[in-house]
Amino acid sequence: MNSELIHQLGTQLGANGLPYQIPIHPNLVHLTLGLFIVAIAFDFVGAFFPLEKPIFKFLAIPATRSNFFDVGWYNILAAAIITFFTVAAGFYEIMLAEPSGEVRSAWGFDAMETMLWHGVGGVFLLALIVGMAVWRGFQRFLWRKEMARQVDWGYLLVGLGIFAIMFVHGTLGAQLAAEFGVHITADRLLRLGENPNLLWK
């Protein structure tokens, strides 16, 4: 029964090894990254607003400090929500992956090790981003709601630390695509002995 179901699923997969043409996980990854980076960046701008205020005034930009913190809050909240879908799509697509077993990455990992570290890293980052959203919420609505600077420096420094983790984690994901050909249509077609140039004409 199980082997029959797996075979049936296999016949429904496209040239990229997925039941749809464009992988979902990489697109959601960039949404998560964008939302988180914007959240921390705007909170930094809000934190340094007294120094930047003359520049905004000179450029005739009607900016208020609270607006920057609003952008930071709503983006970190959106990042926390979207990342659940990002991780879920990643695990689904990893389960359908058939990477080349003969290749090692630039970091010396084989495909399974890279997928394992990328999967574990995804769950770890999800926990960090959700934790940052909760921390940010407490600052906005309880701890610092009466203060002009809505975020403390520790929050911003942790945000920068998460950028570094995202870089390492993103590199593992890039290696899965570029070096192991996971869900890359041309790579799979070449391994099947077909010419992708002829199929796309």
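Under the criterion of Cα pairs below 8 Å and six or more residues apart, the relative contact order for the stretch 72-148 equals 46 percent. Mean projected area of the convex hull spanned by the Cα atoms of the stretch 24-182, taken over all viewing directions: 10.4 nm².
With neighbour counts taken as other beta-carbon atoms within 10 Å, the residues Thr64, Thr32 rank, fewest first, as Thr64, Thr32. Here the extension length gained between Ala178 and Phe58 equals 38.6 nm, from 0.36 nm per residue of separation less the Cα-Cα distance. Along the axis of the charge dipole computed for the stretch 24-182 (Cβ charges of +1 for Lys and Arg, -1 for Asp and Glu, origin at the Cα centre), the listed residues Thr171, Phe68, Val134 are led at the positive end by Phe68. Once C-alpha pairs closer than 8 Å and six or more residues apart are averaged by separation and normalised to the residue number of the stretch 24-182, the relative contact order reads 30 percent. Ranked by the mean number of other Cβ atoms within 10 Å per residue, highest first, peptides 36-42, 141-147, 20-26 order as 36-42, 20-26, 141-147. A DSSP coil position with no more than 14 other Cβ atoms inside 10 Å describes the following chymotrypsin sites (Phe, Trp or Tyr not before Pro) in the stretch 47-77: Phe48. Among Met115, Met166, sorting on how many other beta-carbon atoms sit within 10 Å of each Cβ, with the fewest leading, yields Met166, Met115. Listing Tyr92, Tyr155 from fewest to most neighbouring C-beta atoms within 10 Å gives Tyr92, Tyr155.
Here, each number is a calculation from the coordinates, and none is a lab measurement. All values derive from a computational prediction rather than experimental measurement. Here the Cβ is made from the backbone with ideal geometry for all residues, glycine too, and neighbour counts use every protein chain on show.
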